[in-house]
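The values are calculated or read from the model by the stated rules, or taken from the named source; none is laboratory data. Just so we're clear, the structure is a prediction, and the values are computed from it rather than from any experiment. Reconstructed Cβ throughout: ideal geometry from the backbone, glycine too, with neighbour counts over all protein chains shown.
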Amino acid sequence: MSIGLAVLFALLTALSNAVALSTQHAASTGGDPTHRGSALVLYLIRQPLWWLGWIAMGSSLVFQAIALHFGPLSLVQPLLVGELVLALLIRRLWLHQVLRRAAWTSAALTTAALITFLVATSPHGVAGSPAARDWTGPTLTVALLVAVSVMVARRGSPSRRAGAYAGATALIWALEATFIKATADVLASHGLSTTLTSWPLYALVGCGVIGLMTEQAALHVGPLKISQPIIVIVDPVASVLLGIVLYRERLASSPGSLIVEAVSFAMVALGVVAMTRTVPDTATLRRM
């Protein structure tokens, strides 16, 4: 029952993320391309699609918290890769955008490989939350890797800079997921008042702010086809590792399982890269 709820709310998270990305992107690209600064802000706040995107983003956080409360990081976070496939369906069914056959082929490959990966890994968690001291090592490690990535992103080609910022963003999102899980567990066990005085909530907020900054930097300095696949691929890998270290989650580890896991995740990565390179750069709402 718990795993079923985790899968359901993970998919709802992916759907909400896809709606947020599609609607806000459509809103921002559907107006006058000369809009900048305050003119762009004034335009966006008058667009229902833009507000729908923010509602979807808020819903995504709630759904992710529920999913992580009921299921392990190593199950929930990889399922969020489905955001790209769902965004493709939104582009076609709602925004009425014509997409190449290659985009659908890569989406099918990603979906099949992701299902294979999750079945092969058979992720499961151990009851209980990490002790406070257990967070120090993983948090410092992620912070160090993020700092190095940001330093690398300070110079180089646009693609290199976008890739480095995207890697930093993915690591932050993975760490943030652990704080979301911890916050959801405190809320479920001890109520709102205790949650408001517990450190995971504020660590979550801090990660969210930093992650938004590095994500925007990645989108600003280089092409989306570089930053998006890196974020989508690195986030689940880092999340699985953090789940194993912090929450003592376990994956199937027989030789056969390890081979299937490695090959299927490589296919997921290949499908994600192909998808981001075969869809149009813009998604505007067509009037029917």
Elements of type helices (runs of 4 or more DSSP H) contained in segment 1-107, each with 2 or more residues being surrounded by fewer than 22 Cβ atoms within 10 Å (Cβ to Cβ) and modelled with pLDDT under 90: 2-29, 37-44, 48-70, 82-93
Residue set Ser149, Ser193, Ser189; condition over 24 Å from Phe70 (Cβ atoms) and assigned to a helix (DSSP H, G or I); output residue Ser149
Search result, residues across segment 198-240 that are outside any helix (DSSP H, G or I) and touching a Pro at 6+ places or on another chain (Cβ under 6 Å): Gly222
Suppose we filter segment 161-187 for residues that are among the β-branched types (Val, Ile, Thr), without any contact (Cβ under 8 Å) to a residue 60 or more places away in the chain and buried (at least 24 other Cβ atoms within 10 Å of the Cβ); how many remain? 1
Anything in segment 246-280 that is of a type outside the set (D, E, K, R) and in a loop (DSSP other than H, G, I, E, B)? List them, or say none. Leu251, Ala252, Ser253, Ser254, Val279, Pro280
Give me the pairs, please: first residue somewhere in segment 217-236 and without any contact (Cβ under 8 Å) to a residue 12 or more places away in the chain, second residue anywhere and of a type outside the set (Lys, Arg) and assigned to a helix (DSSP H, G or I), beta-carbon distance under 6 Å, and either six or more positions apart or on two chains. none
Taking Leu145 and the conditions (1) without any contact (Cβ under 8 Å) to a residue 40 or more places away in the chain; (2) under 30 Å from Val186 (Cβ atoms); (3) assigned by TED's automatic domain parsing to the domain that holds Val237; (4) exposed (fewer than 14 other Cβ atoms within 10 Å of the Cβ), which numbered condition does it fall short on, given that it satisfies the others? (4)
